[in-house]
Amino acid sequence: MADHVAAELQEGLRAVAESYATVFANADDEQSLRSVNARFVGPQGQLTRLMKLMPRLEAGDRRAFGRRANELKSEIQRLFRARLLELAGQARRRELSAPSLDISLPGRGAMPGRLHPLTKVTFELLDVFGALGFDIVDGPEVEYHRYNFDMLGFPM
């Protein structure tokens, strides 16, 4: 039984080792590259499933299999990072080579703003007091003591 499991796991490692480089090279964008990476080393990935079967192996086979599986995982992660950087560079080059501004496009219309609810209420109150006969004047909200009392002749 252990020999059968060892042969199955070795065959699984060989299949992963043969296929990951080709699949990574065929990934056209970051999303597809990430999904391919997850297919190999993600939580439900092929290599991860193989590594979960390691306890079925005998101790000597387990060490050799674990070493090879970890090497393969490191290779996959290294190739993933390299391909990710390559795709980002390609996207940046496409972005830089594209026309920067199309002056024939119509301009964007002005987006109208809105008054704050407190400002609306303030204006409504001013309208009400104006209708009642009060004078509406504009001035500073805070005034110095000097202007309120000293210059009017009030004693201190």
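Take the conditions more than 18 Å from ALA25 (Cα to Cα), not basic (Lys, Arg) and not in a helix (DSSP H, G or I) and apply them to PRO112. Does it pass? So PRO112 passes the test.
All told, ARG114 falls short of being under 25 Å from the mean Cα position of the chain (by Cα), open to solvent by 70 Å² or more (accessible area, probe 1.4 Å) and at pLDDT 90 or above. Restricting the first member to the range 76-97 and to residues that are closer than 15 Å to ALA25 by Cα, and the second to residues that are assigned to a helix (DSSP H, G or I) and among the acidic types (Asp, Glu), the beta-carbon pairs closer than 6 Å and six or more apart or on different chains are LEU87/GLU30.
Scan the range 1-39 for residues that are in a helix (DSSP H, G or I), surrounded by 13 or more Cβ atoms within 10 Å (Cβ to Cβ) and within 23 Å of the chain's Cα centre (by Cα) and the total you get is 9. Considering only residues of the range 55-83 that are open to solvent by less than 40 Å² (accessible area, probe 1.4 Å) and not charged (D, E, K, R), which is farthest from GLU8 (Cα to Cα)? So, considering only residues that are open to solvent by less than 40 Å² (accessible area, probe 1.4 Å) and not charged (D, E, K, R), the one farthest from GLU8 (Cα to Cα) is PHE80.
The values are calculated or read from the model by the stated rules, or taken from the named source; none is laboratory data. Given the structure is predicted, the values throughout are model-derived calculations rather than measurements. Counting neighbours? That spans all protein chains shown, and the Cβs are built from the backbone with ideal geometry, glycine included. Accessible surface areas use protein heavy atoms only, side chains included; no ligands, DNA or RNA. Shrake-Rupley method; radii C 1.70, N 1.55, O 1.52, S 1.80 Å.
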